[in-house]
Amino acid sequence: MYISELILEGFRGFKNKQNIEFHEGINVIIGHNNSGKTTVIKALELLFGEKSNKQLSIDDFNKKVKIDELKEKPPYITISAKLKESNDEDEYSDDLVTVSTWLTKINKPYEALITYKFFLPDKELDDYIQAMNNIDSIDIQDYWYEIEYNFLRKYTYKVYVGNPEHQNVLESETIKKFDFQFLSAIRDVERDMFSGRNSLLKEVIDFFIDYEVKINTELTVESKKQEIKKRRREFTNDAKGLIEKLQNRMESGKKHMLKYAEETGASLDSLKPSFDGRILDTELYSALKLVVENETGIRLPASQNGLGYNNLIYISLLLAKMQKNASGEYLGSNAKVFSMLAIEEPEAHLHPNMQYKFLKFLSKNKENKVRQIFITTHSTNITAAVDLDNIIVLYKSNGEFKIAYPGKVFDDSDDDKASKNYIQRFLDVTKADIFFAKSVIFVEGISEQLLIPEFAKILNCNLIDSQVSIVNIGGRYFEHFLKLFDTTKSDYAIRKKVACLTDLDPVKRKKEDNSRWIKAFPFELNNDDDRYEYKDYSNNIIDLYPSENIEAFIKAYSQKKGESCTFEYDIVLSNPTLQALVTKSVSNSDEIKDMMSALESGENLDSLIGKIRNGDFKNLVEKELKSKDMDDNLKMAHLIAARYLKSIQKGIVAQELAYIISENYNKITSGEKGFDFIIPNYIEEAIKWICQE
């Protein structure tokens, strides 16, 4: 059995009925601040937390209602959880017995339902309607004040099982079979952990003392009990010697300590105070203190550990406690049947490497008896540590909470399986940010990743404030990632703005032998050479997600077809005389700067070509560019851009350009001569669109 769905209505940010789907094992719930993550955990606690406070406050209602709605009927909160039979569950399992009165479907796989409802009783409705309609205000807060101060105390809650219309109330003994443990982001682990006086450590010690006897499968239950009793008797007998030694050491001092008893009258009727006692093993728990020991044997109090380390120890003790709670042999009929662990923001106390290791432990460890785990997080490390199928994304769209399931956007086709596997391998710590960002810019390489933030600053678009993440996918693998966000193809996809910056990369090939396609400069395309066939672009993403589609949430931006080819080419094509672009790592820098100066001073194409040393590139431009039907100034810009592209190592030059732009930001934005930088059109359009609300 496992919790397969949580249904929320009217609870905090969830106004209309929303279904959140879970699966067995680990469920990692991610999203922005105030996207509903804590609400989900609170809802589970209201349903399954045996000792949780089920009376809610005014702020637990969804406040996105109109005055007319409040006048018509009082607000209410409904939370339901659907439990479903596991694939490998026994036919008459303890799970089924536990929820037998909760069933809404008896055929395999069975389904059960538990519902929490917080509402104003019917007998209060007339007073409520009258009070609401007596308020003469257009400020909705006045109506909420009325509810809070005059009606909230009259609200009640009920927990129903099965079909809620039948109003079968939950039996308190049944919910005791569920063990819901919640670790909030703000917690005091020292309070519960460091010595045997504390309840958590005491419970764990009590369960694991004589553990080798308790798990010995060769012994009967009765034999185990007798062996443990024997050990306790032996311990008590051994302790008698300690007590006697203490008595002997106190013999003389006792007379002086207690002599005042006679003088105060405490020795009436021949009764005199004295000392006696015995030590049980359970009474010595308080003498045990949790310590840490290094490889040299030095022991230190656990209180001297860092907070993160102690949180890991605390969680391990909690898992041990849950194992104890689920032990039928130890607790008999009081044992828990279904255990849940909810952890809020484990990254608040854990180093990134510890986050990763912790999640891997929870994923693989089957001994802890925890049936389902729910984790809320902002951590890309944790998100990267789990499978796509474990991730649930909460986000806001048009002011409403939405739920997405990255693992479910892929079907069983070979193509989707390949995409899913690719993304799973790709989701390292940095790339997992695609789930947290409000919107995403996918780029092909390091050059765009480094330079786009600098371009955004020039355009006065703050990518950080707009919560835009730039993700370098290392090639043209857009189609894999866009499946996560394409809501037109999957209801499980994440609806957010996604801009793809891709190069046209035009190509050509010889017709006669059907040879492979090779890269081509834009001025080589569609020339009067019947031996070749050409393509203006080699990436169909720009056709699948055109930037001209006004309503689309996914758009692909690229250079203008037939007029450019790559990111770097277009930067120089837009700035053919800007010598600041020729950084120290650009080869042929003298040639390029000479050509830029010649273009700026009004020299002709032949003059610029003459500045290039003899070779294949010079032969190419003399043949292809000179004969092109194109304005001469534009031909010279293409010549400089092509020479630049042939002279760079992209990553190194991009780093240098990013530094130059950053250092000269004021000069660029003021249009100072020598820094009159023009951002290519398609990049400017992409940045402005992604930053728009």
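The values are calculated or read from the model by the stated rules, or taken from the named source; none is laboratory data. Being a predicted model, the structure only gives us computed values, none of them experimental. Cβ placement follows ideal geometry from the backbone for every residue including glycine, while neighbour counts extend to all protein chains displayed. These area figures cover heavy atoms from the full protein model, side chains too; ligands, DNA and RNA do not enter into them. Shrake-Rupley method; radii C 1.70, N 1.55, O 1.52, S 1.80 Å.
The set of residues from segment 131-146 being in contact (Cβ under 8 Å) with a residue 40 or more places away in the chain, closer than 16 Å to GLU72 by Cβ and over 38 Å from the mean Cα position of the chain (by Cα) comprises MET132, ASN133. Please work out if CYS565 is part of a strand (DSSP E or B), open to solvent by less than 70 Å² (accessible area, probe 1.4 Å), closer than 30 Å to PHE485 by Cα and hydrophobic (A, V, I, L, M, F, W, C). Against the criterion (part of a strand (DSSP E or B), open to solvent by less than 70 Å² (accessible area, probe 1.4 Å), closer than 30 Å to PHE485 by Cα and hydrophobic (A, V, I, L, M, F, W, C)), CYS565 does not qualify. Go through segment 614-654 residue by residue and tally those that are more than 48 Å from the chain's Cα centre (by Cα), open to solvent by less than 40 Å² (accessible area, probe 1.4 Å) and among the small types (Gly, Ala, Ser). Qualifying residue count for the region: 1.
For the condition of a type in the set (Phe, Trp, Tyr), closer than 24 Å to LYS54 by Cβ, open to solvent by 80 Å² or more (accessible area, probe 1.4 Å) and in contact (Cβ under 8 Å) with a residue 40 or more places away in the chain, what is the one hit in TYR157, TYR128, TYR149?
Details: TYR128 fails: open to solvent by 80 Å² or more (accessible area, probe 1.4 Å); TYR149 fails: in contact (Cβ under 8 Å) with a residue 40 or more places away in the chain.
None of the other options fit; the residue is TYR157.
Residues being open to solvent by less than 40 Å² (accessible area, probe 1.4 Å) and part of a loop (DSSP other than H, G, I, E, B) are represented in segment 4-12 by at least one member.
Residue pairs whose Cβ atoms lie under 7 Å apart, separated by 6 or more positions or on different chains, with the first residue in segment 92-105 and under 15 Å from ARG371 (Cα atoms) and the second part of a loop (DSSP other than H, G, I, E, B) and of a type in the set (Asp, Glu), are ASP95/GLU89. Run down ASP486, ASP505, ASP529 and say which single residue is free of Cβ contacts under 8 Å to residues at least 24 places away in the same chain and either at positive phi or not aliphatic (A, V, I, L, M) (or both). Every option except ASP529 fails the conditions.
For segment 421-464, give me each residue that is open to solvent by 50 Å² or more (accessible area, probe 1.4 Å), part of a helix (DSSP H, G or I) and of a type in the set (Lys, Arg). Matches in segment 421-464: ARG425, LYS457.
So which of ILE640, ILE687, ILE683, ILE678 is β-branched (Val, Ile, Thr) and modelled with pLDDT under 95? Step by step, each of ILE640, ILE687, ILE683, ILE678 is checked, and only ILE678 is β-branched (Val, Ile, Thr) and modelled with pLDDT under 95. Taking segment 380-401 as the range and being in contact (Cβ under 8 Å) with a residue 60 or more places away in the chain, out of contact with any His (no Cβ under 8 Å at 6 or more places or on another chain) and of a type in the set (Ser, Thr, Tyr) as the test, the residues that pass are THR383, SER397. Consider segment 69-118 and keep the residues that are hydrophobic (A, V, I, L, M, F, W, C) and out of contact with any strand residue (DSSP E or B) (no Cβ under 7 Å at 6 or more places or on another chain). The one that is least open to solvent (accessible area, probe 1.4 Å) is LEU70.
Take segment 327-358 and flag every residue that is part of a helix (DSSP H, G or I) and among the hydroxyl-bearing types (Ser, Thr, Tyr). Let's see the steps before the verdict.
Within segment 327-358, the first condition is being part of a helix (DSSP H, G or I), and the residues that meet it are 328-334, 346-348, 352-358.
Residues satisfying the conditions are TYR330, SER333, TYR356.
Residues that are surrounded by fewer than 17 Cβ atoms within 10 Å (Cβ to Cβ) and in a strand (DSSP E or B) within segment 397-412 comprise SER397, GLU400, listed in sequence order.
Give the residue, chosen from TYR477, TYR405, that is of a type in the set (Phe, Trp, Tyr) and farther than 30 Å from SER662 by Cα. Steps first, answer last, please.
On the way: TYR477 fails: farther than 30 Å from SER662 by Cα.
Result: TYR405 is the single residue among TYR477, TYR405 that is of a type in the set (Phe, Trp, Tyr) and farther than 30 Å from SER662 by Cα.
Within segment 506-531, can you find the residues that are farther than 25 Å from VAL572 by Cβ and touching a Lys or Arg at 6+ places or on another chain (Cβ under 8 Å)? Correct list: ARG509, LYS510, LYS511, GLU512, SER515, ARG516, ASP530, ARG531.
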